[in-house]
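The structure under discussion appears below in the form of structure tokens.
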Amino acid sequence: MRIIKLELQPILVALRRHKLIASLLAILVAFTCAVVCNVAFMIQQRVMSTQLSSGIAEHQLIAIQSVTLDPSANQVVRHQEDVSALRTISGIESAAAVDTLPLDENDNAQGTCASEQALLRAAQAQAIVGNCAQVSVYDGSPGMVKTLGLHLLAGRDFHLDEFVSGSQLDPPVAIITRALAKKLYPNGDALGETLYTDPDKPIRIVGIVDNVLRPSLHGSHGNYDSMFWPQYPDQSVVTYVISVATQNRAWVLKRVSTALYQLDANRILGRPRAFAQVRASYFQNDESMIGLLVCSALGLLLVSALGITGLSNFWVQQRMRTVGIRRALGATRMDILRYFQIENFIIVSFGVVFGILMGIGLNLLLMVHFEVSKLPLWYLALGAVALWILGQLAALAPALRASKLSPVAATRNI
Amino acid sequence: MLAYYVELAVNSLFRARIMTGLMVLAIGLGIGASMTMITVLHVMSGNPLPGRSTRLYVPMLDPRPSSQGSTEGNSTPDGFTWVDATNLMSAKRADRQAAMSSGYAAVQPGRDDLHPFFETGQYVTSDFFRMFNAQFLIGTGWTAAQDGERAHVVVLNALLDRKLFGDAGGVGKIVRLNNVDFRVIGVLDDWRPQPKFYAQKNGHIFGESDQFFLPLQTALDLNFGFNGRLSCWGSDGNKKRQSDKCTWLQFWVELDSPARVSSYRRFLINYWHDQQASGRFPRNNAPPHLYGLMAWLRHEQVIPSNVSMQLWLAVGFQFVCMLSVVALLLAKFLRRSGEISIRRALGAKRRDIFIQFGVESALIGGFGGVLGLMVAQFGLWTVRQRPDGYARLAQMDIQMLISAIVLAIVASVLAGFLPAWRACNVPPALRLKEQ
């Protein structure tokens, strides 16, 4: 105890006499800690969402959107003709017509409940309560499950006679994701159960697939609440998904549009895109924001490291004479080194405490004004540790230099 | 004397090249980052119609039922109802007035070398073009009578005209939109105000321009595709767009003098009271508003929150840079306490020392500012590479250039103030004695 006191007392006295520089260092540390923790958190949040697995066979999918302009056309028939034409292109393994795709931003979400009673209760409350969820529906023609490469965990694919057309008719069966099964039926096996989107239309669950992302993301919860319906898309707007081996992709991408235009030129085709492009365009903003955030975090660390090193350097140098005297009075090199390192630790600790408070405040401010979630405290702890290390490293070089000073030279030179 | 200080400063900076370089780097990065974002924000909050913006106003009426207010707070409705827009149109109490809505259409060129494609446009009433001073390359807009007749006429913007008709131009020719033929009566001179202030706010308010303009009633009659929010309450059958329970239209008026503005305000309030008397506008706490163009853009918060977050990030970054520079300058100046003591002992006043070090930090600021300008140019270049609509706008103008340099010098003199103050307070005799 006495020894610690002996070590600390001179440091504290010295700090009290150099309030300006000590507080400058502490402010620098505090500000860096607050900003870098928040920025790192925002980076992590965005990276997490851009790396969500979509649950479909992304690397072998091509998607193309088509809009028929002929108002008299029977859309379902047209779509099936298009799909048959696509299947004849060599290199294409399978194809299907769907109304939307994961990360396509074209979200058809329906309030869905595990039972009729739950649906009625939710309708009464006008909110998603009880065993209910907001679920994105994927409609598709036969071959959808195979083309998308959905991974069936239980149950089966749709039978051909289960497919219906026309939005008014709800299909009798559905395939749902693992996440949705767990949400709607927490205690039991969802397979074979009946779910409701409409009081009079029971839908039996015939299959459970691994998680599939929704067309657009909704925060951090419920992104995998999707289900598949055996329902021919019947709007003039339709998306064709095509499964193709990676080595044939470029070849197929070039031929898809021509094949479809040959069948009917009075239509608008989107650019055929590999699914990687669909994903990239969904996360475009996040990607550029991540780049920006990483740059600013690195820049901040660099600049504040610069400031902290500069200050420590100067501060040690300013007290070379004192170091000389202490050395002459019998202090070892280790004593000198320890003195400066402990001093730095104390100052950085002050900074870190303020930094953590500021960091929490900044996070609250960001939560109010921007869509940022609550900063986990371990981020601040991590930031604090990083700054302690940074501070110790910054002080090390000048402290070592000071400790190498020979006692005689010290008193003579300065 | 100042020249001498500059010489001293240059010498001192040159002696510690690495230190100087680091300080210039810190200031440059800070200024560069914040100038990049300030410039982006500056161009985004610019005036879309300079010279005319002071005469353009948005009236806002709130026809929603009172029960809806609890969840939406004081938000403004998504626009006008068809009923109110037609009432204000026919009242003709402003110098010009127009109702409009964004839409899209399939353009069918009927050529082998050009497949059909979607284009975004605006469905407007006849006063639109003159009210917003949209310049025609050739031809004119349509008349109020043609509005009423639901004429099949279209005004194209320059890009679409060129795409469809090449250099010959399309005036007098036919364009097929959504399987309906329209006669081209005018071509605009690449009219693209930024932001697209007259449309309902969405993610494309910057960057996108309308390429065709159709009479509103024609588009409504033909059931063309509309873009934007349509908010309804109660139920009014299938006549959604013509109902008085659905807001979706934008309504603008031109008022040429302050007197007209106040008389139009009175007119709006009277209209509101009249309608209340017949049972509409149940929200008593939401009287009509009349926004000027720039006030409207502020009210709509057209600047995306991503951009303002980036601005705050940049400002925070510059603050840390400045703190570091203060630290480095303090270290640099106080290391020269001996020199200061000698100068003070030889008769230099505090003021002289202060000016000497002030000049030194201003010099660093100057260099930092130049570096900052280069960093900002690079930053703006990277912004222009982004996919966002506002990206193309990110250019530095003279005003921004000057403020960048001023910001750099002010920042570094501020950063140098504390260190220089400390330096000039070094007592003359004490340090000499210590030596």
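We did not get these values from a lab; they are worked out from the coordinates using the rules stated. Treat the numbers as computed from the prediction; the structure is a model and nothing was measured. Using ideal geometry, Cβ is built from the backbone for each residue, glycine included, and neighbour counts are taken over all protein chains shown.
Considering all C-alpha pairs of the stretch A:90-156, those separated by over 18 Å amount to 56%. Measure nothing but the geometry: give the 0 to 90° angle between the long axis through the Cα atoms of A:377-403 and the longest principal axis through the Cα atoms of chain A, rounded to 10°. Taking the Cα atoms of chain A, the angle to A:377-403 is about 30 degrees. What the phi angles of the stretch B:353-360 give under the Karplus curve with 6.51, -1.76 and 1.60, with θ = phi - 60°, is a coupling list of 4, 4, 5, 4, 6, x, 4, 4 Hz, glycine and proline written as x.
Could you list the residues of the stretch B:77-112 with an amide nitrogen less than 14 Å from a label point located 7 Å from the Cα of B:S257 in the Cα-to-C-beta direction? Only B:95 pass the distance filter. Kirkwood Rh over Cα pairs of the stretch A:70-265 into Stokes-Einstein at 10 °C, 1.306 mPa s: D in µm²/s? Estimated via Stokes-Einstein, D reaches 90 µm²/s. With a cut-off of 11 Å on the backbone N, the residues of the stretch B:136-164 near the modelled label site 7 Å out from B:R130 along Cα-Cβ are B:141-144.
Structure remark: mean-square fluctuation, Gaussian network model of chain B, C-alpha springs under 10 Å; the largest value among B:G279, B:G292, B:G358 belongs to B:G279. The separation of the stretch A:215-266 from the stretch A:348-414, counted between C-alpha centres, amounts to 52 Å. Near B:T125, the amide H atoms lying under 5 Å from its own belong to B:A99, B:L216; only residues 5 or more places off or on other chains count, and H is placed 1.01 Å from N.
Axis angle, to the nearest 10 degrees, between helix B:17-44 and the longest C-alpha principal axis of chain B: 20 degrees. Specify whether the C-alpha gyration tensor of the stretch B:213-288 places it in the rounded, prolate or oblate class, a ≥ b ≥ c being the square roots of the eigenvalues: rounded for a/c under 1.5, otherwise prolate if a/b is larger than b/c and oblate if not. Here the stretch B:213-288 falls in the oblate category. Charge tally for B:F354 (other residues, Cβ to Cβ under 13 Å; Lys, Arg +1; Asp, Glu -1): +4. Positive end of the dipole of the stretch B:255-337 (Cβ unit charges, origin at the Cα centre): among B:N284, B:P304, B:S257, the Cα lying farthest that way belongs to B:P304. Peptide A:312-320 is shielded by partner chain Cβ atoms: per residue, an average of 3 of them sit within 10 Å of its Cβ.
Each Cα pair under 8 Å and six or more residues apart adds its sequence gap; the mean of these over the residue count of chain A is a relative contact order of 27 percent.
Label-to-label distance, B:F14 versus A:L357, with points set 7 angstrom from Cα along the beta-carbon direction: 4.8 nm.
With respect to chain A, whose longest principal axis is taken over its alpha-carbon atoms, helix A:284-318 is tilted by about 0°. Basic side chains Lys and Arg get +1 at the Cβ, acidic Asp and Glu get -1 at the Cβ, and with that the dipole of the protein assembly as shown about its Cα centre reaches some 5420 debye.
Among A:K404, A:K201, the ranking by other beta carbons within 10 Å of each residue's beta carbon, starting with the fewest, stands as A:K404, A:K201. Which one, B:I402, B:I205, B:I174, has the greatest fluctuation when you compute a Gaussian network model over chain B with C-alpha springs under 10 angstrom? Most flexible of the set in this elastic network: B:I402. Along the stretch A:67-75 the Karplus relation, 6.51 cos²θ - 1.76 cosθ + 1.60 evaluated at θ = phi - 60°, assigns HN-Hα couplings of 10, 6, 9, 6, x, 8, 5, 7, 4 Hz to successive residues, with x for each Gly and Pro. Once the Cα-Cα distance is subtracted from the 0.36 nm per residue extended length, the B:W381 to B:K92 segment shows a gain of 99.3 nm. Calculated mean residue ellipticity, 222 nm, chain A: -18000 deg cm²/dmol, from DSSP H runs (n ≥ 4) at -39500 (n - 2.57) each, averaged per residue and rounded to 500.
Residues of the stretch B:299-325 with an amide N closer than 17 Å to a point placed 7 Å from the Cα of A:F370 along the Cα-to-Cβ direction: B:302-320.
Prolate is the label for the stretch A:237-368, because a/c, from the alpha-carbon gyration tensor with a ≥ b ≥ c as root eigenvalues, is 1.5 or above and a/b exceeds b/c. Orientation-averaged projection of the stretch B:5-122 equals 19.3 nm² [convex hull of Cα atoms, one quarter of hull surface area]. When all alpha carbon pairs of chain A are counted in 10 Å bins from zero, the resulting P(r) reads 4, 17, 19, 15, 12, 10, 9, 8, 4, 1, 0 %.
When +1 charges are put on Lys and Arg Cβ atoms and -1 charges on Asp and Glu Cβ atoms, the dipole computed for the stretch A:1-149 relative to its Cα centre reaches about 1660 debye. Length available on full extension from B:S305 to B:S278: 0.36 nm per residue minus the Cα-Cα distance, which gives 5.6 nm.
Fraction of C-alpha pairs exceeding 24 angstrom in the stretch B:315-435: 42 percent, rounded to a whole number. Averaged across A:24-30, how many Cβ atoms of other chains sit within 10 Å of each residue's Cβ atom? Mean inter-chain Cβ contacts per residue within 10 Å come to 3.
Per-residue Karplus couplings for the stretch A:197-203, computed as 6.51 cos²θ - 1.76 cosθ + 1.60 with θ equal to phi - 60°, are listed in order as 10, 8, x, 9, 10, x, 10 Hz, Gly and Pro entered as x. In terms of surrounding Cβ atoms within a 10 Å radius of their Cβ, B:C424, A:C37, A:C113, B:C232 rank from fewest to most as B:C232, B:C424, A:C113, A:C37. With the convex hull drawn over the C-alpha atoms of the stretch B:8-70, the volume per residue is 199 Å³.
Based on the Kirkwood approach, the hydrodynamic radius assigned to chain B is 26.0 Å, with every pair of different Cα atoms included. Binning all Cα-Cα separations of the stretch B:53-300 at 5 Å, short to long from zero, yields these whole-percent fractions: 1, 6, 13, 18, 19, 16, 12, 7, 5, 2, 1, 0. This model, with +1 at the C-beta of Lys and Arg and -1 at the C-beta of Asp and Glu, gives chain B a dipole about its Cα centre of some 1720 debye. Using the alpha-carbon positions of the stretch B:178-309, Rg (one decimal) and Dmax (whole number) come out as 18.0, 47 Å. Exposure proxy shown here: for B:S102, A:S257, the number of other Cβ atoms within 10 Å sets the order, fewest to most, as A:S257, B:S102. Dipole of the protein assembly as shown computed with +1 at Lys/Arg Cβ and -1 at Asp/Glu Cβ about the Cα centre; of B:L330, B:M374, B:L214, farthest Cα towards the positive end is B:L330. Of the residues B:I138, B:T81, B:G28, the one whose Cα sits farthest towards the positive end of the charge dipole of the stretch B:9-145 is B:G28 (charges of +1 on Lys and Arg Cβ, -1 on Asp and Glu Cβ, taken about the Cα centre). Modelled spin labels at A:Q247 and A:R121, positioned 7 Å past Cα toward Cβ, are 5.7 nm from each other.
Diffusion of the protein assembly as shown by Stokes-Einstein, at 25 °C in a medium of 0.890 mPa s and with Rh set to the Kirkwood radius over alpha-carbon pairs, works out to 76 µm²/s.
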